[in-house]
Amino acid sequence: MPHDLSDESRYDRARLRQWARGRARSAGVDRRDLLRLFAAGAAAGAVGLGSAGPAAAAADGAPAAVPGTVKPLPPELFTIRGTNAETNFAALRGTGPLTPVDRFFVRNHTTTPRIEADGWKLSVWGDGLAGGPVEFSYDRLRELPAVQRTLFIECAGNGRNFYATQQGQPVTGTPWTLGAIGVARWRGARLSDVLRLAGVTRGAVDVLPRGLDDEVVTGGVNLGRVRRPLPVSKALDDVLLAYEMNGEPLPPDHGGPVRLVVPDWIGISSIKWVGDIEVSGAPLYSPWNTDTYRLFGPDYGAEGAPMGRQTLKSAFELELGATVPVHRTRLLTGRSWSAAAPVERVEVSTDGGVRWQWARLHDAPRRGSWVRWSLPWTPRATGATALLARATDATGRTQPATSPHNTQGYLFDAVVRHPVTVV
Ligand SMILES: Nc1nc2c(c(=O)[nH]1)N[C@H]1C(S)=C(S)[C@@H](COP(=O)(O)O)O[C@H]1N2
Ligand SMILES: [Mo]
């Protein structure tokens, strides 16, 4: 497998050492600022970048963050977290395998820009190309062979809040529960086709897609526009330049007119509102892979560890802290997903983890998507209890009881204890 984590990890470490010696360009941010942020992140995970919560904004002296989305965010469907909106899992009950756009989570570093397809252009440039910059209009992109894939996009911090509430560990960042994930049918051009047409050379190492949304300012430092490098090997493999979501033109909040969709990788890789892509013969860095979206903590050393792929999780389609009537049978429903392989089995416990039963799966196990499952439950006694769901994927990996801690609370994969009260 060309993209397993060990490969990526080796590649990333080499790149980080080169960068620290000043050989990799940081693409627009002053290197001292980046080093300062990086050191702060490594030491304490204390940098607020990416958290965008009201507290972080207030500390900057800026007004508290509010979501700048185009679509409505009604409280039945979403929980607002700073500039972001988390999908309420209870609102997925009864929906199909695809997350409807009206309830797909939104993770915005700033606000949704309005960009018309007509005036949009993608510029591909850099010393990893044989010639000068090549521009693609929206129409030209749509003339390329189209591919369609059902894939989830999940924020690396999904489940972060359970490090604090379930493991008692401090973490920084948006306190997502489990709703920073959505599955959609994406249609678009292959990034590999675009890179080949642009004249990518054998010497190319990294590509750096960049969004057209506002520059991100945090702690008084302007980090520039949202961008995160991808190794050329991944870029040429299975990445899409998507212009449709669930059969509709890509909506503004999800990156319209065109976004990247990077299968299996953490959400930040799937750059929305992409405007240009640098193709470089030298390693590239951005704050989104040196400071945030990187694992720091006692287990990860001074340089921290890179992140590529997402993890394994399960969620009930029920509010956290729901009240349910005793002696009445209800159908518990939920979803499980893994970036490594299809989910093959799901076990559910309705007594806080003492006994486990197999849930019935409602979808064929499929890579890149989730399976819906159900189990009938008749509560026999009143009082507080916890519902647990535990998935196993085709690699044989089962959700563990605890997740290894990292300061920014990424890649949570432990079994969640879902509180309910029987009355
Ligand atoms: N240009 C741009 N791309 C971006 C972001 C952003 O703020 N700006 N957020 C990223 C993050 S952190 C995630 S998790 C996903 C979220 O995609 P969604 O808002 O469509 O759910 O988009 C990624 N792409
Ligand atoms: Mo994210």
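Remarks
- From Val258, Val232, Val226, Val262, residue being buried (at least 24 other Cβ atoms within 10 Å of the Cβ) and more than 15 Å from ligand 2 (Cβ to nearest atom): Val258
- Given (1) under 30 Å from Leu223 (Cβ atoms); (2) within 22 Å of the chain's Cα centre (by Cα), number of the condition Gly334 does not satisfy: (1)
- Among residues of segment 240-254 being within 13 Å of ligand 1 (Cβ to nearest atom) and part of a loop (DSSP other than H, G, I, E, B), the one that is farthest from Pro342 (Cα to Cα) is Pro251.
- Yes/no for Val279 being assigned by TED's automatic domain parsing to the domain that holds Pro67 and either aromatic (Phe, Trp, Tyr) or over 13 Å from Pro229 (Cα atoms) (or both): no
- Of the strands (runs of 3 or more DSSP E) lying entirely inside segment 121-203, the ones with 2 or more residues being surrounded by 22 or more Cβ atoms within 10 Å (Cβ to Cβ) are found at 121-125, 146-154, 181-190.
- Subset of segment 265-275 that is of a type in the set (Val, Ile, Thr) and either part of a loop (DSSP other than H, G, I, E, B) or on the phi > 0 side of the Ramachandran plot (or both) - its residue that is nearest to ligand 2 (Cβ to nearest atom): Ile266
- Among the conditions (1) farther than 30 Å from Val324 by Cβ; (2) touching a strand residue (DSSP E or B) at 6+ places or on another chain (Cβ under 7 Å), Leu73 misses just one, which is (1).
- Enumeration of residues in segment 204-223 that are surrounded by 16 or more Cβ atoms within 10 Å (Cβ to Cβ), β-branched (Val, Ile, Thr) and more than 16 Å from Val279 (Cα to Cα): Val216, Thr218, Val221
- Within segment 75-108, the set of residues being within 16 Å of ligand 2 (Cβ to nearest atom), in a loop (DSSP other than H, G, I, E, B) and in contact (Cβ under 8 Å) with a residue 40 or more places away in the chain comprises Gly82, Thr99, Phe104, Phe105, Arg107, Asn108.
- Test: residue in segment 246-261 that is more than 22 Å from Gly182 (Cα to Cα), of a type outside the set (Gly, Ala, Ser) and either touching a residue at least 24 places away in the same chain (Cβ under 8 Å) or not assigned by TED's automatic domain parsing to the domain that holds Gly159 (or both): no
- Strands (runs of 3 or more DSSP E) within segment 285-398 that include 2 or more residues buried (at least 22 other Cβ atoms within 10 Å of the Cβ) and of a type outside the set (Gly, Ala, Ser): 312-316, 330-338, 343-349, 370-377, 383-393
- Taken as a whole, segment 255-275 holds no residue that is hydroxyl-bearing (Ser, Thr, Tyr), at pLDDT below 95 and within 12 Å of ligand 1 (Cβ to nearest atom).
- Residue check, Ala282 surrounded by fewer than 24 Cβ atoms within 10 Å (Cβ to Cβ), within 24 Å of Trp125 (Cα to Cα) and more than 14 Å from ligand 1 (Cβ to nearest atom): yes
- Neighbours by Cβ (under 6 Å, 6+ apart or cross-chain): first from segment 134-156, farther than 20 Å from Ser269 by Cβ and at pLDDT below 95; second more than 16 Å from ligand 1 (Cβ to nearest atom) and aromatic (Phe, Trp, Tyr): none
- Of the residues examined, Trp265 is not one that is under 19 Å from the mean Cα position of the chain (by Cα) and assigned by TED's automatic domain parsing to the domain that holds Pro376.
- When the residues of segment 242-255 are filtered to those that are away from ligand 2 (no atom under 16 Å from the Cβ) and among the acidic types (Asp, Glu), the one that is surrounded by the fewest Cβ atoms within 10 Å (Cβ to Cβ) is Glu248.
- Residue match in segment 181-192 (condition: within 13 Å of the chain's Cα centre (by Cα) and within 14 Å of ligand 2 (Cβ to nearest atom)): yes
- Filter result for Leu361 (within 24 Å of the chain's Cα centre (by Cα) and among the aliphatic types (A, V, I, L, M)): no
The values are calculated or read from the model by the stated rules, or taken from the named source; none is laboratory data. Predicted, not measured: the structure shown is a model, and the values here were computed from it. With ideal geometry, Cβ positions are generated from the backbone for all residues, glycine too; neighbour counts draw on all protein chains shown.
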